[in-house]
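Heads up: the structure comes next, in structure tokens.
Derivation of every value follows stated rules applied to the coordinates shown; laboratory data play no part. Values in this document were obtained by computation on a predicted structure and should not be read as measured data. We place every Cβ from the backbone using ideal geometry, glycine too, and count neighbours over all the protein chains shown.
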């Protein structure tokens, strides 16, 4: 269970540009399920996603991940949890240009202290799993949008995380690729991964694999369901 | 250990993917190191040469002064000085300058008074009618051993002297324009009256006594000017320093270029680099991992540039005779010495240069990365 209690996030606190992105959010998110954070642009979806994924800290409130309170942990421990627990798929994929598909997939594992050959072996398995055969030594910029998306998912999986976080993953994809993406999410759900997606794309929140939709607006969590 | 190795691996592939940018960075950086190291090698080697030259110099040189001008010294002065307690030996010297209208160059003519010193530098004995010339003159007048060199004596009569030896090329820096001849030929060329010398050299047993003896000479013969070796050293030093001053300007220019270059690196990361740091942080890299990567990156660039610059400077100074500095250093003469400096490297100066360039550059690359790496990684999600 991921437990959030009274989460508030204020940007530029004390300055004229102060902005409250999240206002007292409390919610429990079940593991091994697919949850969607739905809402218009500026509703706080991405902020909440980044707080759940330990990428930023809430201004107030606490978070428990599998009964472990993470809000008060120092950066080193938080990075460790982030690396081993979460896999991230970003809106623009955020792959590094100029290096190969394989290197991009391996990148999150470089700092884990594992041997390079073990990381490489795992990355090659992911290449096979996500249908990227023959592309492993290609540069990222040579790939199509769909292939880049698969690389992004494979990279999120390299440390075998239990939770996958995806922020507007279909925002720049056509219907076919969006369906393909949801197909991969279904595959991950089947192997027991917890998936949290922020999206306002019907192709995502109306998908059959979704277990729960949390509606957000103006920094509040105001209802559940499509 | 694996973590460090993996980060280093990524750093190297990062450097390779920005090949163009990094190569131009290394070229500029190497050039700055090359200039700095050339200046250091050159001035150091020049100082060493100067100290070698002066090692054999006499403790004291005495000139006669008439109406404030350098005049010929009568032989009786030698006897007077020889009788001063503490003086080991006194010798009269004949030397002067000869203008060669054919070449448009001035030569330094020295009469040999101690044949043993010729043997010390592997030169043949010198007899009446023979000369030994510096390699600058040999090149300028296309003269070799066995050739005859024409002179025009003080009274207009022609004088032909035979070249019997050339100065070895190692001594080119000081001996390029020198002609050695016998005292007899010297007198025939310049018309110096017998019993007179150009100046005198005085050897003194105890160096502590040098100033006292110089004062005694001056008291005994008020029309003389004793010059102690330290003064010669100072003159040499000021000549060297004058040249070093110009070289110093080059040094400071290169240093300024380096500071601007490092400052540019320190103050700005490209949008691409900032984005990459954000991605690395977002996918689980710690701030320390990013800093380590940037540290390796800075170190690889600066060490390769440092080594390239040092090697090129070594070749420049010791193999091409500082060809880039030549116009500055030798603009005062028609007789350019083609010298080669003896390779000499002061490890202390290399270490100083290393800390002067490698360390600031490496730190300069870390600072902006650290600033970029301490922002919340969620910025990359937006």
## Note on the structure
Highest GNM mean-square fluctuation among B:167, B:99, B:295, for chain B with Cα springs under 10 Å, belongs to B:99
### Query
Between rounded, prolate and oblate, where does segment A:98-204 land on the alpha carbon gyration tensor, with a ≥ b ≥ c its root eigenvalues, rounded for a/c under 1.5, else prolate if a/b exceeds b/c?
oblate
### Summary
Expressed as a whole number, the average count of other chain Cβ atoms within 10 Å around the Cβ atoms of A:109-120 is 5
### Summary
Across B:342, B:157, B:362, the residue with the highest GNM fluctuation in chain B (Cα network, 10 Å cutoff) is B:157
### Query
GNM, chain B, Cα, under 10 Å: largest mean-square fluctuation among B:163, B:87, B:208?
B:208
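Which shape class, rounded, prolate or oblate, goes with segment B:143-228 when its Cα gyration tensor gives a ≥ b ≥ c as root eigenvalues, a/c under 1.5 marks rounded, and past that a/b bigger than b/c marks prolate? Intermediate values should be presented prior to the final figure.
On the way: a/c = 3.82, a/b = 1.71, b/c = 2.24.
Verdict is oblate for segment B:143-228.
Report the Stokes-Einstein translational diffusion coefficient (µm² s⁻¹, integer) for the protein assembly as shown, Rh taken as the Kirkwood radius over Cα pairs, at 4 °C with viscosity 1.567 mPa s. Could you put the intermediate results ahead of the total?
Working: Rh = 31.3 Å.
Once the numbers are plugged in, D ends up at 41 µm²/s.
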### Message
Quick check on the protein assembly as shown: helices-only [θ] at 222 nm, where DSSP H runs of length 4 and up contribute -39,500 (n - 2.57) each and the sum goes over total residues. Nearest 500, please.
### Response
-15000 deg cm²/dmol
### Query
Using alpha carbons only, how many degrees (0 to 90, rounded to 10) separate the axis of helix B:210-220 from the longest principal axis of chain B?
30
### Query
Cα axis of helix A:145-157 to longest principal axis of chain A: angle in degrees, 0 to 90, nearest 10?
70
### Query
Rounded if a/c is under 1.5, else prolate if a/b is larger than b/c, else oblate: which is segment A:2-224, with a ≥ b ≥ c the root eigenvalues of its Cα gyration tensor?
prolate
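What is the packing order of peptides A:16-27, A:100-111, taking the mean over residues of other C-beta atoms within 10 Å and listing the highest first?
The densest-packed peptide leads the list: A:100-111, A:16-27.
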### Query
To the nearest 10 degrees, how steeply does helix A:116-129 sit against the main Cα axis of chain A, on a 0 to 90 scale?
90
